[in-house]
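Structure, as structure tokens:
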Amino acid sequence: RGGAKTRLGLLVPAMELGFSEQLFQEAWGELEEPALQGGWELFTDSLGFAIYRLHDQQSGLYEYKVFGCLSDCPPQLLTDVYMDLQYRKQWDQYVKELQEKDCENGKVIYWEVKYPFPLSNRDYVYTRECRDLDVAGQKVWVILAKSVAVPQCPEKSGIIRVSSYKQSLAIKSDGKNGSKVFMYYFDNPGGMIPSWLINWAAKSGVPSFLKDMQKACKTYPHTGKKTHS
């Protein structure tokens, strides 16, 4: 079976590795006019980012939207850094394993995340797609990611598989030498996670990740436009 279906889009089979045009449009649209109707509430301002959340009744968890700017980090460079899996191993302290794998219908990414003791590590199997779009004469980069289930990446003993994961990232110039950023994310980490850790991840973890990525842009060893998939 392809996994349960909810409005959040849980596990999807490998045959559905692609993303619809509408999802790309919704992501870049958030940069122009944040879509916060329908119950979204301001959760916190952290490290210069405004974080909103929406309670999902079915899972009992929250979806999050993050809005902010990263100075001195142009959109093309920020996109390159985000998409470079090998480089991420150097600057993201929570990566235990991160690699691209071939499957029947394309490529997927296997990602193991370090969790603090005594919690078990989590791992993800997901697909992603990056597009650079022309929106009213301005270039916008959109990256979409979602969980998938493929036989090439079976669950591992001692690691909890995150089977419900979605992320959108939209990036454009801030009019100077930086980037205006929108991020949506949802995941269900499974297991017994203390509420303090979930709150920390939402309030501090993602803004810290974006700030770490900003620092990583300054030491990125590759230059020039890259081809993303």
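The values are calculated or read from the model by the stated rules, or taken from the named source; none is laboratory data. Just so you know, these numbers come straight off a predicted model, no measurement behind them. Cβ sites come from the backbone with ideal geometry, for glycine too, and all protein chains shown count toward neighbours. SASA here: full protein model, heavy atoms, side chains in, ligands and nucleic acids out. Shrake-Rupley method; radii C 1.70, N 1.55, O 1.52, S 1.80 Å.
The table that follows gives values for the structure above.
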| read-out | value |
| --- | --- |
| Cβ-Cβ under 6 Å pairs, at least 6 apart or on other chains, region 163-178 side over 30 Å from Asp56 (Cβ atoms) and of a type in the set (Gly, Ala, Ser), far side open to solvent by 20 Å² or more (accessible area, probe 1.4 Å) and in a loop (DSSP other than H, G, I, E, B) | Gly178/Ser71; Gly178/Asp72 |
| All positions within region 182-229 that are modelled with pLDDT under 85 and polar (S, T, N, Q) | Ser195, Asn199, Ser204, Thr223, Thr227, Ser229 |
| Unique residue being among the hydrophobic types (A, V, I, L, M, F, W, C) and either more than 14 Å from the chain's Cα centre (by Cα) or open to solvent by 60 Å² or more (accessible area, probe 1.4 Å) (or both) when the list is Val142, Val150 | Val150 |
| Hits in region 148-159 (condition: in contact with a strand residue (DSSP E or B) (Cβ under 7 Å, 6 or more places away or on another chain) and modelled with pLDDT under 95) | Val148, Ala149, Val150, Gln152, Cys153 |
| Within region 73-96, tally of residues that are under 27 Å from Leu119 (Cα atoms) and either in a helix (DSSP H, G or I) or open to solvent by less than 50 Å² (accessible area, probe 1.4 Å) (or both) | 10 |
| Residue within region 49-62 that is charged (D, E, K, R) and out of contact with any strand residue (DSSP E or B) (no Cβ under 8 Å at 6 or more places or on another chain) present | no |
| Residue list for region 100-138, filter: touching a helix residue (DSSP H, G or I) at 6+ places or on another chain (Cβ under 7 Å) and open to solvent by 40 Å² or more (accessible area, probe 1.4 Å) | Glu100, Glu104, Asn105, Arg131 |
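So that you can scan it fast, the table gives a plain yes or no per residue for (1) over 21 Å from Tyr185 (Cα atoms); (2) more than 18 Å from the chain's Cα centre (by Cα); (3) not basic (Lys, Arg):
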position	(1), (2), (3)
Asp45	no, yes, yes
Ile51	no, no, yes
Gly60	no, yes, yes
Val66	no, no, yes
Val113	no, no, yes
Arg122	no, no, no
Thr127	no, no, yes
